[in-house]
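Data block below; observations after.
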Amino acid sequence: MDKALQLLKSIYGYDSFRPLQREIIDHVVAGNDALVLMPTGGGKSICYQIPALMLDGVALVVSPLISLMKDQVDALQANGVAADALNSSNEEYANRVIRERCENGVLKILYISPERLMLEIPWLQQCVKVSMIAIDEAHCVSQWGHDFRPEYTQLGVLNEVFPDVSKLALTATADKVTKADIVEQLRLRDPKIFISSFDRPNLSLDVRKAYMKRDRMRTILDVIGRHPNESGIIYCLSRKGAETMADDLREKGVSAGVYHAGLSSDERSRVQDDFINDRVMVICATIAFGMGIDKSNIRFVIHNNLPKSIESFYQEIGRGGRDGLPTETILFYNLQDLISLRNFAEESGQREINIEKLNRMKEYAEAQVCRRRILLNYFGETSECSCGNCDVCKNPPLYFDGTVLVQKALSAIKRCHEEIGFSATVDILKGRLTPAITEKDYHRISTFGVGRDITAYDWHAYLLQMLQRGYIEIAYNEDKHLKVTSLGEDILYGRKQAQLSVIVHEDLRVTRSKRKLTATDLSGKTSSIDDDLFEKLRALRGTIASEIRKPAYTVFSDKTLQALASEKPTNLVLFGNVFGIGEHKKKLYGKRFLEVIINHLNGSDEE
Ligand code: ADP
Ligand code: ZN
């Protein structure tokens with residue numbers, strides 16, 4: 001067996017490379033530069049970790065966040081790899097030991113922040129044999145990206161300082177501009193660009209339109225209920241929104257935490273730590289959360305509000321399901337968010353770009369074709385698939401002649417001189433006597449109450465469709481009042497017909513997953529997982545995690561536990577063949593896990 005594959009098996013316990021990993025490793029080991037674009041969870045780390053283990057010397061890994069380095073170092077050490085991070089949060093003594101281990105070549109992988117790296121260049125040049133340099137989260141170098149970090153821009157000097165050392169830039173987000181910017185600013189030498197598919201088939205995609213707060217909460221609680229003792233993230237637009245969401249969830253007995261930029265850094269790292277160690281199961285967060293999170297078993301990601309771009313959206317949902325197991329994502333889309341985000345974009349420094357990005361996000365949310373196809377097309381992969389794992393594929397839209405219905409709404413808007421917004425329109429159609437309505441005498445117009453037979457929820461959804469189809473538009477500069485377009489007038493006056501799609505009132509029971517019951521092994525056949533055994537193994541994993549004070553997933557991933565609970569190995573050789581179990585972990589934990597499996601088998605034999 002060749003060296004790279006052998007390391008993959010003995011260190012990580014994996015049997016085969018994912019697409020491109022192999023090519024990237026060979027390219028780097030041969031001393032070349034490259035840029036790697038792979039989605040979150042795609043397996044970027046292995047692309048530099050294996051070369052680091054194959055080459056002579058110490059590999060430098062530039063990473064923007066200490067928490068991120070810590071997770072990576074933990075995972076490597078758990079697999080018996082000599083890796084560490086040099087940073088200011090270490091004790092001086094610890095840093096001295098790390099330096100020594102670099103100098104005498106014991107350490108194989110050194111994580112370091114860009115600012116620290118700049119300071120250490122003289123030392124690295126004189127005392128250390130640098131084998132290669134990986135620049136993780138490379139999009140941070142670009143102002144066009146969404147995580148610009150000025151420290152990254154200095155990394156270009158590495159090209160002069162270490163001219164003969166292979167440099168590998170890696171990122172999960174890069175549109176064309178960012179891509180070019182990375183290559184230029186890092187001054188990569190004739191880099192080969194590896195772009196892997198951005199598809200993450202294990203993430204289900206689901207958009208729910210025009211949900212009222214109550215329905216949203218019910219849906220969220222259903223999702224949480226489907227994942228007992230499992231982790232999830234709920235992204236909210238504002239700090240306040242995140243806090244309210246967490247309060248509401250706690251009231252329902254959910255173990256929920258809050259994370260946003262308004263918290264002190266201590267509070268933030270505590271919340272993050274609780275989440276990583278499964279002490280808090282659901283995090284309600286603003287976009288500030290997640291970049292430093294390497295937790296592989298996040299089972300659902302919910303967007304309570306519309307994200308500002310497809311890039312952010314994809315990166316956020318990408319934090320779910322890194323272990324490759326089925327993971328649910330839901331995006332709630334309503335008009336209020338669109339209006340708020342539009343205002344942000346209008347006021348932002350890069351108005352045009354941001355509005356364009358928001359429009360693309362909106363198109364995604366409103367789309368009637370396979371959502372995965374839209375995402376993949378957005379990232380430049382032409383795809384005509386119907387994925388079968390998004391809401392559009394699962395419930396293809398049905399259309400009906402909605403002319404009369406649309407006419408009712410348009411007439412209400414016209415009769416109020418186009419001076420009403422979304423909610424007031426619904427109130428008038430439903431015949432609700434709210435103060436805002438009576439104050440303006442809108443309850444006297446002939447359209448008042450003509451839509452009583454339709455629920456407010458459905459009216460919201462129909463109005464959204466009318467907007468998407470261009471029958472109405474929003475006057476952002478006039479208090480977001482609704483205006484009837486000329487196409488709308490054609491319908492109102494009977495010159496054209498209006499098509500609407502049937503609103504699906506989904507029955508959540510149908511989609512409830514039976515995920516726990518089967519696991520797909522490497523040959524693609526499914527075998528059944530013993531749930532009792534799985535829970536016992538999970539308990540043992542928890543015990544070990546608290547003994548070594550590391551997150552549970554650094555012991556074994558959920559996928560490995562599932563494989564154990566279905567393959568039920570009874571000796572060390574079989575144990576070592578299970579997915580995700582390398583030599584180091586086999587030696588460390590093999591006996592204890594085997595004991596649980598064997599006892600379980602004996603116990604169930606006696607029954
Ligand atoms: P990212 O691209 O986000 O940095 P990671 O490198 O963290 O992704 O990899 C995501 C997950 O996939 C990790 O749990 C990693 O161990 C796993 N993984 C990577 N390569 C393989 C492989 N060839 N076979 C199985 N699992 C893999
Ligand atoms: Zn689809």
List every residue whose amide H lies under 5 Å from the amide H of residue 134, counting only residues 5 or more places away in sequence or on a different chain, with H placed 1.01 Å from N in the peptide plane. 60, 61, 62, 168
Surface/4 estimate of mean projected area, convex hull on alpha-carbon atoms of the range 203-366, nm²: 9.1
Using a Förster radius of 25 Å, what is the FRET efficiency between residue 3 and residue 574 based on their Cβ-Cβ separation? Nearest 0.05, please. 0.50
Computed Kirkwood radius, in angstrom, where 1/r is averaged over Cα pairs of the range 6-84: 13.3
Residue 446-residue 274 FRET efficiency (beta carbon distance; Förster radius 51 Å; 0.05 resolution): 0.30
Excluding ligands, DNA and RNA, what is the solvent-accessible area per residue of the chain at a probe of 1.4 Å, expressed in Å²? 44
For residue 123, tell me the accessible area in Å² from a 1.4 Å probe, rounded to the nearest 10. 30
Just going by the charge dipole of the range 203-366, with Lys and Arg at +1 and Asp and Glu at -1 on Cβ, which of 354, 246, 281 is farthest out on the positive end? 246
Using label points projected 7 Å from each Cα along Cα→Cβ, tell me how many nm separate residue 100 and residue 496, to one decimal. 7.9
Suppose every Lys and Arg Cβ carries +1 and every Asp and Glu Cβ carries -1, with no other charges. What dipole size does the range 358-457 come out with about its Cα centre, to the nearest 20 debye? 140
Rounded to the nearest 500, what is the chain's calculated 222 nm mean residue ellipticity when only DSSP H runs of at least 4 contribute -39500 (n - 2.57) each, over all residues? -13500 deg cm²/dmol
Heavy atoms of residue 183: accessible area, 1.4 Å probe, square angstrom to 10: 40
Ignoring any ligand, DNA or RNA, what whole percent of the accessible area of the chain comes from carbon and sulfur when the probe is 1.4 angstrom? 50
Whole Å is fine, so just give me how far the alpha carbon centre of the range 350-393 lies from that of the range 71-146. 38
Can you tally the net charge around residue 500? Count Lys and Arg as +1, Asp and Glu as -1, for every other residue whose Cβ sits under 9 Å from the Cβ of residue 500. 0
Using a Förster distance of 51 Å, how high is the FRET efficiency between residue 30 and residue 453, based on the Cβ-Cβ distance and rounded to 0.05? 0.10
Could you list which residues have their amide H under 5 Å from that of residue 235, counting only those 5 or more apart in sequence or on another chain, with H placed in the peptide plane? 285, 302, 303, 304
Amide H neighbours of residue 192 under 5 Å, at least 5 residues apart or on other chains, H built in the peptide plane: list them. 33, 34, 35
Can you tell me the length gained on complete extension of the stretch residue 485 to residue 154, counting 0.36 nm per residue apart and subtracting the Cα distance? 114.0 nm
Cα-based Rg/(2.2 N^0.38 Å) for the chain, rounded to two decimals, is 1.08
Answer with one residue from 98, 220, 461: the one whose Cα lies farthest towards the positive end of the charge dipole of the chain, charges on Cβ with Lys, Arg +1 and Asp, Glu -1. 461
Gyration tensor verdict on the range 232-306 (Cα atoms; rounded if a/c is under 1.5, prolate if a/b is larger than b/c, oblate otherwise): rounded
Among 241-254, 558-571, what's the highest-first ranking by average C-beta atoms within 10 angstrom per residue? 558-571, 241-254
Specify which residue in the list 234, 191, 447 is farthest towards the positive end of the charge dipole of the chain, using unit charges on the beta carbon of Lys, Arg (+1) and Asp, Glu (-1), about the Cα centre. 447
Residue 601 to residue 255: extension gain in nm, 0.36 nm per residue of separation minus the Cα-Cα distance? 121.2 nm
What's the local net charge at residue 344, with K and R +1, D and E -1, over the other residues with C-beta under 13 Å away? +1
Using every pair of alpha-carbon atoms in the range 531-601, split the distances into 10 Å bins beginning at 0 and state the percent of pairs per bin, rounded to integers. 22, 63, 15
At 1.4 Å probe size, what's the solvent-accessible area of residue 312? Round to the nearest 10 Å². 10
Please report how far the C-alpha centroid of the range 409-430 lies from that of the range 37-62, rounded to the nearest whole angstrom. 58
Ordering 212, 281 by accessible area with a probe of 1.4 Å, largest first, what comes out? 212, 281
What trypsin sites (Lys or Arg not before Pro) does the range 22-129 have in DSSP loop regions with at most 15 other beta carbons within 10 Å? 129
Using alpha carbon centroids, what distance separates the range 248-277 and the range 447-472, in Å? 38
To the nearest 20 debye, what is the magnitude of the charge dipole of the range 381-510 about its Cα centre, counting +1 on the Cβ of each Lys and Arg and -1 on the Cβ of each Asp and Glu? 460
What's the extension gain from residue 528 to residue 423 if we count 0.36 nm per residue and subtract their Cα-Cα distance? 32.8 nm
Radius 14 Å from Cβ of residue 138, net charge of other residues (Lys, Arg +1; Asp, Glu -1): -3
Ranked highest first by the average count of other Cβ atoms within 10 Å around their residues, in what order do 356-364, 33-41 fall? 33-41, 356-364
Evaluate the charge dipole of the chain about its Cα centre and quote only its size in Debye, nearest 20, assuming +1 on the Cβ of each Lys and Arg and -1 on the Cβ of each Asp and Glu. 900
Take the alpha carbon gyration tensor of the range 3-195, find the square roots of its eigenvalues, order them as a ≥ b ≥ c, and report rounded if a/c is under 1.5; if not, report prolate when a/b exceeds b/c, else oblate. rounded
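The values are calculated or read from the model by the stated rules, or taken from the named source; none is laboratory data. Owing to the predicted nature of the structure, the values given are computational and were not obtained by experimental measurement. For neighbour counting, all protein chains shown are included, and Cβ atoms are generated from backbone atoms with ideal geometry for every residue, glycine included. Protein only, heavy atoms only, side chains kept; ligands, DNA and RNA dropped before computing areas. Shrake-Rupley method; radii C 1.70, N 1.55, O 1.52, S 1.80 Å.
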